[in-house]
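The values are calculated or read from the model by the stated rules, or taken from the named source; none is laboratory data. Computed from a predicted model, the values in this text were never measured in an experiment. Here the Cβ positions follow ideal geometry from the backbone for every residue, glycine too, while neighbour counts run over all protein chains shown.
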Amino acid sequence: MKFDLSNLRGDITGGITAGVVALPLALALGVASGLGPMAGMYGAIAVGFFAALFGGTGPQISGPTGPMVVVLAGLFASLSGDASLIFTAVLLAGLLQIAFGLFGIGHYIRLVPYPVISGFMTGIGVIIIILQLNPLLGHASPSGTLGALGHIPEALSEVHGANLLLGLATLAMVYWWPSKWGRYVPGPLAALVVGSIVAFFALKVPVLGAIPTGLPELHLPVFGGDMMWLVVEAAIILAVLGSLDSLLTSLVADNMTRTRHHSNKELIGQGVGNAAAGLIGGIAGAGATMRTVVNIRSGGQTRLSGMIHSLVLLAVALGLGPLAENIPQAVLAGILVKVGLDIIDWSYLKRAHQGPRWDLILMVLVLGLTIFVDLITAVGVGVVLAALAYVKQVARLQIEHLRNLPEHLDSEDDREILSRNRDRIALFEFSGPLSFGAAADLGHHVREESASGSRILILDFSAVPFLDLSAALAVETIAADARDSGKCLYLAGMNDEVFKVLKGLNGRIPAQGSFKDRSEALKAAEVALQQSDEPSVTALPSGAS
């Protein structure tokens, strides 16, 4: 495996900074899972290293995340704290993610529209800022956005002045750190070192505190027993959540670095990382947006930064904790507030009023759900609503392009046939793929636009590459309406795929004739009208197939 060393200095500083930022999160999430702080550390080390080594997103930093910990905490309660079964679930989740990558499921995440990504990114930025307000004021931040917001009034009543000044000074240092200096020492890393030194010698402020150390033990998976179904169910949820979380973070990384990740390779890397975490007693993890942004902003660009981030955590776990435990919480809070401000999609917010109103509404909805509910719900709702809006828009265009008696016919003969039989032949030309979105109004539109005296309806499929089952059933409805009103239905210009779908419904084409193109159908219709003033519904014109 080749490594890109062209950005070695940036990857080292980015990895170190991300590792320091990840340290308190790993410990806290480990405690929240019920498995203890070192389980969070080991999870951050294993997932962070192997996801970077085998993954498909260069600057991605992986480790324990909120959605994963929620699932693990529920599993911990259901299994009465049986760690061996919980780590088995983590291992199985990793294997499932590897399968997802091998089967190519990762490509589907690229269908997420930009307003959803913008709302998600802005929501993450707002959450980061909210969660750091209490640490800036000198208080521990409760878990969850709502908890943090609810605790702010109490924190404001008891502001720790030195802590707030240190945090604001750190924020100012990161914000105005000269770019020419940043080529050698990134602003966040410089602020981290300077703030820690100043606090150590001159200020009495809250710090990270004691950090446990030690090597992990091997945890072999345990299969069988009455609780196995719970383990499998949790593994599936962890695999799906972890995949979504990681690939959404990959999209954020793409947006910041103007690169493109490899979705399926990323899933394989995440799977290897989680499988390794389960074997050494670590909690499950995923691509972590905040830590990834910290890495990128600090100079990290390649997989080396993620691996270095894990090595920093490993060094802490092996005994360098006393150095890290003196880092002031206010310094980390100041750095993270700048990260939150950077990740907010200011460029979209400035011009959102100039674009479609629905895109703005969708972005705000995803933003709100991200902040006050959770990331997975926000993205899920956003994607579903965006898809429904798109289907509705496409359906409207399909119906609008369904033309009766088109005036743009290239053939002079076709125009003359329609002119001679304007009240007796109704020609409808479909444009583009027919989907379920247009199916509901298809039959109604044909009925409305057909002349009351028309005897033959022609549906031209020449410009239709495919149609789904809903559209095929709509054609069946048109055929039934035509039969009930004593009219003939001709189909023209069907390709093999359209023909197969229509014939597959009842083993036959739902019409009295099918023709290679529109001209043949028009000629056959005129001949049929000449032969009979009231053509039989069951009669086939000459040349029909």
Residue tally, condition at pLDDT below 80 and either under 15 Å from ARG351 (Cβ atoms) or over 10 Å from the mean Cα position of the chain (by Cα) (or both), over segment 110-127: 2
Applying the selection to segment 135-155, what residues are without any contact (Cβ under 8 Å) to a residue 24 or more places away in the chain, within 25 Å of ASP345 (Cβ to Cβ) and touching a helix residue (DSSP H, G or I) at 6+ places or on another chain (Cβ under 8 Å)? SER141, ALA148, LEU149, ILE152
Identify all residues within segment 412-457 that are charged (D, E, K, R) and either at pLDDT 80 or above or part of a loop (DSSP other than H, G, I, E, B) (or both); write none if there are none. GLU412, ASP413, ASP414, ARG415, GLU416, ARG420, ARG422, ASP423, ARG424, GLU429, ARG455
Residue pairs within 6 Å by beta carbon, gap of at least six or interchain, first lying in segment 202-225 and of a type in the set (S, T, N, Q), second part of a helix (DSSP H, G or I) and surrounded by fewer than 13 Cβ atoms within 10 Å (Cβ to Cβ), listed first then second, are THR213/GLY319
From HIS309, HIS353, which residue is at pLDDT below 85, outside any loop (DSSP other than H, G, I, E, B) and over 20 Å from MET173 (Cα atoms)? HIS353
Kindly provide the set of residues from segment 474-499 that are crowded, with 16+ Cβ neighbours inside 10 Å and hydrophobic (A, V, I, L, M, F, W, C), ordered by number. ALA474, VAL475, ILE478, ALA479, ALA482, CYS488, LEU489, LEU491, ALA492, MET494, VAL498
Residue identified as among the hydrophobic types (A, V, I, L, M, F, W, C) and more than 30 Å from ALA324 (Cα to Cα) among ILE280, ILE237: ILE237
Name the residue, out of ALA511, ALA539, that is among the aliphatic types (A, V, I, L, M), at pLDDT below 90, touching a Leu at 6+ places or on another chain (Cβ under 7 Å) and not in a strand (DSSP E or B). ALA511
Kindly indicate the residue of segment 6-52 that is at pLDDT 85 or above and not in a helix (DSSP H, G or I) and also farthest from VAL331 (Cα to Cα) among those meeting that condition. SER6
Go through ILE98, ILE117 for me and flag whichever is hydrophobic (A, V, I, L, M, F, W, C), more than 20 Å from THR377 (Cβ to Cβ) and not in a loop (DSSP other than H, G, I, E, B). ILE98
